[in-house]
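Notes for the one structure printed next.
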Amino acid sequence: MSFSDDVIRAQGLTLDEYAQAVEGLGRVPTWAELGVIGAMWSEHCSYKSSRVHLARLHTTGPQVAVGPGENAGAVRIGQGLCAVFKMESHNHPSYIEPYQGAATGVGGILRDVFTMGARPIAAMNALRFGRWEHPKTRHLLNGVVAGIGGYGNCFGVPTVGGNLSFHTAYDGNCLVNAFALGIAAEDRIFLGTASGVGNPVVYVGAKTGRDGIHGATMASDVFDDATADNRPTVQVGDPFREKLLLEACLELMQEDCIVGIQDMGAAGLTSASVEMASRGGTGLVLNLDCVPARESGMTPYDFLLSESQERMLLVAKPGMEPRVAEVFAKWDLDAVVIGHVTDDSVWRCTWHGDEVCALPVGLLADDAPKYHRPCERPESLAAMQVVPDVRCSDPGADLLALLTSPDGCHRGWVWRQYDHEVGAGTVAGPGGDAAVVEVPGTDIRLAMTVDCTARHVLLEPKVGALGVIAEAARNLACVGATPLAATDCLNFGSPERTDVAWQLSESVDGLTIGCKAFDLPIISGNVSLYNASAGSAILPTPMVGAVGKLAPGVVVPRSAFPRAGMTVAVLGRPPSHGVGASLWLTHTVGRDAGTPPPVDLSAENALHAAVRALIAQEMVSTVHDVFEGGIAVALAECCMAETVGLVGTTPGSEDVAGRLFGEDHGRVIVAWEHSDDAAIRRVCGDVPVHVIGTTGGDHLALDGVVNVRVSALRVAHRNALKTFAEDVHAVSG
Amino acid sequence: MARVGVVTFPGSNCDADMRRAVQETDGLEAVALWHKEADLQGVDAVILPGGFSYGDYLRCGAMARLSPVMQAVTEFANAGGPVLGVCNGFQILCEAGLLPGALVRNRDLRFVCDRVRVVVSRTTPFTNVSDGVLTLPIAHGEGCWVADPSQLQALDDAGQLLFRYVTEDGTRGDNPNGSLRDVAGVCNAQGNVVGLMPHPERACRPALKGIDGQLFFAHLARSLA
């Protein structure tokens, strides 16, 4: 038997890779084997273009219990507990079918977390869509938000935070990155490993259908006009069944029944079983006749590559099969023995008595292709980094424009559709700098945030990516939290382009500098490449989810001014970077330009420590990060929440635009009522404190150049996204 | 100590929150009840918590009402036992015919998670007519309460339109989902069966920025004492 070049390429393999497989195998693969190799060697499963870069990430620290490589990472949070978390992309499926693509993205990340034995207590998401004028954007936004809500709300995890941004670079390729965090006792964390020769391999959860076949290879391809025809490669989510699966798994995990357990995600049964055998240094025999099927006529190829949702594979301890089946039956779920662990490091599948696959585990896992793609700084970057000569003639009008722009308007329309309070442990939900949730049964509170200002990354990837970490760490500090660990989703275009490969490489270096400086080891994550359509790549988007811990008893400050009569100050150095890479500049000249603001690591760390100290001593009641949109937007956000005015003067140079809208790092707004300046300055030490003014009145008035009615700002700010998303001005036909 | 049963259906996701709210109330003890059991274990009150029983894939609550435990809950309610349904629990009570009306998709067809204010019209085991304006969380996609127009006035006259959404000062209706007469919850004629869309169990501790939910459990403890 031999395969034509077209057939080989249709499995996502290059002809060279196919030759490598034949050589490694010593023979031509079977049809099912070819599909399995294609899936396991896909970019999505093998990380073949990113592994060389990922190796440089900062992933260690005394707080890390489980680092990258498992279903999710785990970080110690005290009292013998771990926070188990991860973020993962579901970009391609969401573009093809936004509701189900986003829903199953949430389902997948939740499974990654509870597979480890951790009950999910919080979810977040980061979304990127094309410009508002693009005909697909409204449809994608509505579908994705409804899908995330539809899954998370039903499953019963609070969606406590996230971020959303629009840019023409995402017109043909949206991003949906889903984050989930759960809690497990450190001595009860379950890993995805298959060990113990003869131990039964048990399939649990939903039945297998033909949905999602080739999902992993599809996720490793660029989009073209035929992409819409890929709809059958998108899976359909069933959050109700996942809720049952969660309860059944956690109930079983209370007992001593399980050797290892793994979610069936991308590349389904194949990937789950191969990864378990690879980690255990074992082999497996799977009898595909035993796999519960949703429809008749399915082939070994279908069973192995289906990405049907809400399924798990577990290796049970000897003789525990009846108990496993009993617990799952209680929750009305299937649990079927489909194979056993072997000692020959070969992954075998049988079907109707014949052996249809016999592949060395190593060939599928560690020996997958690995590429060091050529990287080159694009020549076009230098021209983009020049800041065009523009003036800010009406700062008040510009502020209103930013606050009603796609990237600056209020996100309430999104998070109202997410249940952010189920679990009754949400101390600070969406809309602040970071969310804060209680760890059930303890006095521990965790803070979390997802961040990425891709415009900054585009304009100088290493600096921009470092800025992503600085921003995430600053957001944690703004709720009084100290960083614990992070997860990342590296969303980039085709790594076969030298400029994209360079963006990826530089971004990893920037993240690494930041992760070391702010003690945020990356403990989990994924890489999503080939985010491109019609030859143009997305913005380089290294999304980061960061998690921190609050000191006991700390009162979480608000991110807005609660009332009049408060003294408002900004901590940190006056802005000096100008408007380079700012939202204001993009908004004003219609393109991304300039260089991103640099990060001063020691000044940034000192600022975070000062903010945490002020919060711990309850000297400030409002804390809000200054970043996108600059200090004018940050102050406006503080004013709009409760419609409180402010008259003040901001620090910085004569350059009005840079002072008000520049995006320098290292700045945080605070406000207090009963403290005095001298006490605040004592706590802040070397961190500059500039008093801006006092809250009160109906207007936000800054530097004598901005004077706008807060209530008007608020209405416009709050209505913009709803107006766009619900298309309230459109005339229906 | 009064014992309060909290039923877990497949897909319930507020059952643990509800048990905790009960347990943290002086004079109440939470008892977990399982949908497959028809035995209420001699509890003094029953609460049907929120969630998505059976995924709400049919009408909300339409499957759950057929479960063995609901037979027992119906008998318990008909005998005058206090029964509270929150969110999906409210939907189940309506489907079971223990409460009037039905719950359909929100007016704008979107799930809504927010804080609302409600006023209480009558004293029941879970409410007191003098409770004033309560601030409570909501989180639902199908919370638009409807009823036969011919019954509506009679229900109103009988005080069965127990909770209504109002503005902060309590003077006007402020309706998040399009329900008839701004109804947030209702009770049966006897007043022992109560259902509402808002989640009292999510507003029982200052850390959660709301404690008005405590009243429901405190009233229940007093009525069972």
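The values are calculated or read from the model by the stated rules, or taken from the named source; none is laboratory data. All values reported here derive from a predicted model rather than from experimental measurement. Please note: Cβ atoms are built from the backbone with ideal geometry, for glycine as well, and neighbour counts cover all protein chains shown.
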Among residues of segment B:21-38 being among the acidic types (Asp, Glu) and within 14 Å of chain A (Cβ to nearest Cβ), the residue farthest from B:MET1 (Cα to Cα) is B:GLU37
By residue number, the members of segment B:86-111 that are acidic (Asp, Glu), modelled with pLDDT of 95 or more and part of a loop (DSSP other than H, G, I, E, B) are none
Exception for B:LEU98 within (1) within 14 Å of chain A (Cβ to nearest Cβ); (2) under 13 Å from the mean Cα position of the chain (by Cα) falls at (1)
Of the candidates B:ALA62, B:ALA72, B:ALA30, the one satisfying the condition of being assigned to a strand (DSSP E or B) and on the phi < 0 side of the Ramachandran plot is B:ALA30
Looking across segment A:288-347 at residues that are β-branched (Val, Ile, Thr) and assigned to a loop (DSSP other than H, G, I, E, B), the single one that is modelled with the lowest pLDDT is A:THR299
Inset, instruction - Check whether at least one residue in segment B:165-183 is of a type in the set (A, V, I, L, M, F, W, C), at pLDDT 95 or above and under 14 Å from the mean Cα position of the chain (by Cα), and report yes or no. - result: yes
Those residues of segment A:312-334 which are hydrophobic (A, V, I, L, M, F, W, C), away from every other protein chain (no Cβ under 14 Å) and either more than 36 Å from the chain's Cα centre (by Cα) or closer than 17 Å to A:LEU269 by Cβ (or both) amount to A:MET312, A:LEU313, A:LEU314, A:VAL315, A:ALA316, A:MET320
From the option list B:PHE52, B:PHE90, B:PHE76, single residue qualifying as more than 14 Å from every other protein chain (Cβ to nearest Cβ) and crowded, with 24+ Cβ neighbours inside 10 Å is B:PHE90
| message | When you check B:MET18 against the structure, is it within 14 Å of the chain's Cα centre (by Cα) and within 14 Å of chain A (Cβ to nearest Cβ), yes or no? | response | yes
Could we say that B:ALA38 is part of a loop (DSSP other than H, G, I, E, B) and not charged (D, E, K, R) here? yes
So the helices (runs of 4 or more DSSP H) completely within segment A:9-68 holding 2 or more residues that are surrounded by fewer than 19 Cβ atoms within 10 Å (Cβ to Cβ) and over 32 Å from the mean Cα position of the chain (by Cα) are A:15-25
How many residues of segment B:15-29 are surrounded by 21 or more Cβ atoms within 10 Å (Cβ to Cβ) and in contact with a helix residue (DSSP H, G or I) (Cβ under 8 Å, 6 or more places away or on another chain)? The answer is 5
Scanning segment A:112-159 residue by residue, those under 17 Å from A:LEU175 (Cα atoms), within 10 Å of chain B (Cβ to nearest Cβ) and either of a type in the set (Gly, Ala, Ser) or touching a Pro at 6+ places or on another chain (Cβ under 8 Å) (or both) turn out to be A:ASN142, A:ALA146, A:GLY149
* Regarding B:VAL46, is this residue crowded, with 24+ Cβ neighbours inside 10 Å, away from chain A (no Cβ under 14 Å) and aliphatic (A, V, I, L, M)? -> yes
Within segment A:695-733, the residues that are among the β-branched types (Val, Ile, Thr) and touching a strand residue (DSSP E or B) at 6+ places or on another chain (Cβ under 6 Å) are A:THR695, A:VAL708, A:VAL710
Among B:ALA218, B:ALA203, the single one that is modelled with pLDDT of 95 or more and more than 14 Å from chain A (Cβ to nearest Cβ) is B:ALA218
Residue count, segment A:359-391, condition more than 26 Å from A:VAL463 (Cα to Cα), in a loop (DSSP other than H, G, I, E, B) and of a type outside the set (Lys, Arg), comes to 5
Determine whether segment B:159-171 contains at least one residue that is hydrophobic (A, V, I, L, M, F, W, C) and surrounded by fewer than 23 Cβ atoms within 10 Å (Cβ to Cβ).
yes
What about B:ASP44, is it of a type in the set (Asp, Glu), free of Cβ contacts under 8 Å to residues at least 40 places away in the same chain and in contact with a strand residue (DSSP E or B) (Cβ under 9 Å, 6 or more places away or on another chain)?
no
The correct count of residues that are assigned to a strand (DSSP E or B), under 20 Å from the mean Cα position of the chain (by Cα) and not hydroxyl-bearing (Ser, Thr, Tyr) in segment A:418-428 is 1
Note on segment A:372-431: residues polar (S, T, N, Q) and within 14 Å of chain B (Cβ to nearest Cβ) are A:GLN417, A:THR426
Note on B:GLY55: of the conditions (1) of a type in the set (Gly, Ala, Ser); (2) out of contact with any strand residue (DSSP E or B) (no Cβ under 9 Å at 6 or more places or on another chain); (3) assigned to a loop (DSSP other than H, G, I, E, B), unmet is (3)
Of the residues in segment A:382-425 that are closer than 29 Å to A:ASN125 by Cα and free of Cβ contacts under 8 Å to residues at least 12 places away in the same chain, the one that is surrounded by the fewest Cβ atoms within 10 Å (Cβ to Cβ) is A:ARG416
Apart from one, (1) under 23 Å from A:ALA74 (Cβ atoms); (2) within 17 Å of the chain's Cα centre (by Cα); (3) not hydrophobic (A, V, I, L, M, F, W, C) all hold for A:GLU471; the odd one out is (1)
*Is there a residue in segment A:659-669 that is crowded, with 22+ Cβ neighbours inside 10 Å, more than 35 Å from the chain's Cα centre (by Cα) and either in contact (Cβ under 8 Å) with a residue 24 or more places away in the chain or assigned to a loop (DSSP other than H, G, I, E, B) (or both)?*
no
Every listed condition ((1) at pLDDT 95 or above; (2) more than 14 Å from chain A (Cβ to nearest Cβ)) holds for B:GLY132 save (1)
Item to complete: Answer with yes or no whether B:VAL119 is of a type in the set (A, V, I, L, M, F, W, C), away from chain A (no Cβ under 14 Å) and either buried (at least 16 other Cβ atoms within 10 Å of the Cβ) or closer than 20 Å to B:GLY50 by Cβ (or both).
Response: yes
Check: closer than 28 Å to B:ILE211 by Cα and surrounded by fewer than 18 Cβ atoms within 10 Å (Cβ to Cβ), is that true of B:GLY5?
Finding: no
